[in-house]
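Below is one structure, written out as structure tokens; comments come after it.
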Amino acid sequence: MENASTYNILITGGAGFIGSNLCEYFINKGHHVVCLDNFATGHRHNIEVLLSHPNFTLIEADIRNLEDCERAVQGCDFVLHQAALGSVPRSIHDPITTNEVNISGFLNMLQASRDAKVKRFIYAASSSTYGDSVAIPKEEDKIGKPLSPYAITKYVNELYADIFSKTYGMETIGLRYFNVFGRKQDPNGAYAAVIPKFVMQLISHESPIINGDGNYSRDFTYIDNIIQINELAMSTQNKDAVNTVYNAAFGDRTTLNDLVRYLKQSLSNFDSKIADVPIIYGPNRAGDIPHSLASISKAKDLLGYNPKFSMQEGLNEAVKWYWDNLK
């Protein structure tokens, strides 16, 4: 948004990895940002620098409570809904809580946003929605059956958003995130994402464990590309671009073996011993799809999306941040 307008933006899950990066970006662009987070998976340190900013408001609350959602969305022009319980393994371990947060919480936010007459509701969808589809690359209108409770919840989000746009005239846009990584991503905990987890292990000279033979591939997507597509989804005036879903990715794939090789190369610039850390291979993980690669043609055509960071470019940026902040 290059115009002079300033908006009131609610970012749910705003203390999480993606949410906190969005909060920081839009504050720096001069907008007013409300962050809603219950700190179940988000961290106060992710938004510490924003807490004293006059245009930033933190509401510590839970999207599973409709009244909390209604309070947070008052006076907001846009909602960027990032709050969710991520992780396929977590959803397999605890499908009920995943459902409560990702479906009931999502529905609460949709209804609160509808009643508050927000201009547009943009939400984090997921590449897990492609499920058992073997088609490569992944195109938005061709999905398979979900392979995990998490994937079910994210698909249901898309169904609810579609119904709310058709039934109540809401403007919604879903962004199917593909393996997002970058600064502020939490390396700790049982369900940590693979890149910060591997970085932490390599920095400590511990062997990363790859699930399977390492030939599974992913469309790893740097955080700044995700910020870009969220801003485009918020600002687009193209009526053909709303009430639909987009792949939010770079449009290239990297095997886990190549990922570890890139990480070791990049981190070896800081500590040469990392190059010699061995890799351990374990069993495949339940619910994992073998390969994931996004077609980003739809986002390019309708939103003008043009991701600036390839996986390796983003990884070099991220590794610098990890080295300074995660040691």
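Here is a list of conditions, (1) within 28 Å of Tyr123 (Cα to Cα); (2) without any contact (Cβ under 8 Å) to a residue 40 or more places away in the chain, and Ala275 meets all of them except one; can you say which number that is?
(1)
Looking at Ser127, is it within 27 Å of Phe26 (Cβ to Cβ), among the polar types (S, T, N, Q) and surrounded by 17 or more Cβ atoms within 10 Å (Cβ to Cβ)?
Here the answer is yes, as Ser127 does meet what is asked.
Which residues, counting only those in segment 1-58, are over 24 Å from Phe181 (Cα atoms), of a type in the set (Ser, Thr, Tyr) and open to solvent by 60 Å² or more (accessible area, probe 1.4 Å)?
If the condition is that a residue be over 24 Å from Phe181 (Cα atoms), of a type in the set (Ser, Thr, Tyr) and open to solvent by 60 Å² or more (accessible area, probe 1.4 Å), then Thr6, Ser52, Thr57 are the ones that fit.
Out of segment 286-317, which residues are among the charged types (D, E, K, R) and touching an Asp or Glu at 6+ places or on another chain (Cβ under 7 Å)?
Residues satisfying the conditions are Lys298, Lys308.
Taking Gln228, is it without any contact (Cβ under 8 Å) to a residue 60 or more places away in the chain and open to solvent by 30 Å² or more (accessible area, probe 1.4 Å)?
no
Counting just the residues of segment 199-249 that are modelled with pLDDT of 95 or more and aromatic (Phe, Trp, Tyr), which one comes out farthest from the chain's Cα centre (by Cα)?
Only one residue tops the list, namely Tyr246.
Could you look through segment 278-305, keep only residues that are β-branched (Val, Ile, Thr) and buried (at least 20 other Cβ atoms within 10 Å of the Cβ), and pick out the one that is modelled with the highest pLDDT?
Ile296
Those residues that are over 20 Å from Val49 (Cα atoms) and at pLDDT 95 or above, I need them from segment 179-192; list them, please.
Val180, Phe181
Looking at segment 12-27, which of its residues are within 15 Å of Arg44 (Cβ to Cβ), hydrophobic (A, V, I, L, M, F, W, C) and either without any contact (Cβ under 8 Å) to a residue 60 or more places away in the chain or touching a strand residue (DSSP E or B) at 6+ places or on another chain (Cβ under 6 Å) (or both)?
Residues satisfying the conditions are Ala15, Cys23.
Mind listing whichever residues of segment 204-223 are in contact (Cβ under 8 Å) with a residue 60 or more places away in the chain, under 22 Å from Ser268 (Cβ atoms) and open to solvent by 30 Å² or more (accessible area, probe 1.4 Å)?
His205, Glu206, Ser207, Ile209
Give me the pairs: first residue in segment 178-194 and closer than 20 Å to Ala248 by Cα, second residue open to solvent by 20 Å² or more (accessible area, probe 1.4 Å) and among the hydroxyl-bearing types (Ser, Thr, Tyr), beta-carbon distance under 9 Å, and six or more apart or on different chains, which are they?
From residues that are closer than 20 Å to Ala248 by Cα, the pairs are Ala193/Ser87.
The values are calculated or read from the model by the stated rules, or taken from the named source; none is laboratory data. Just so you know, these numbers come straight off a predicted model, no measurement behind them. Methodologically, a virtual Cβ is constructed for each residue, glycine included, from the backbone with ideal geometry; neighbour enumeration extends over all protein chains shown. Keep in mind that these areas ignore ligands, DNA and RNA; they rest on the heavy atoms of the full protein, side chains included. Shrake-Rupley method; radii C 1.70, N 1.55, O 1.52, S 1.80 Å.
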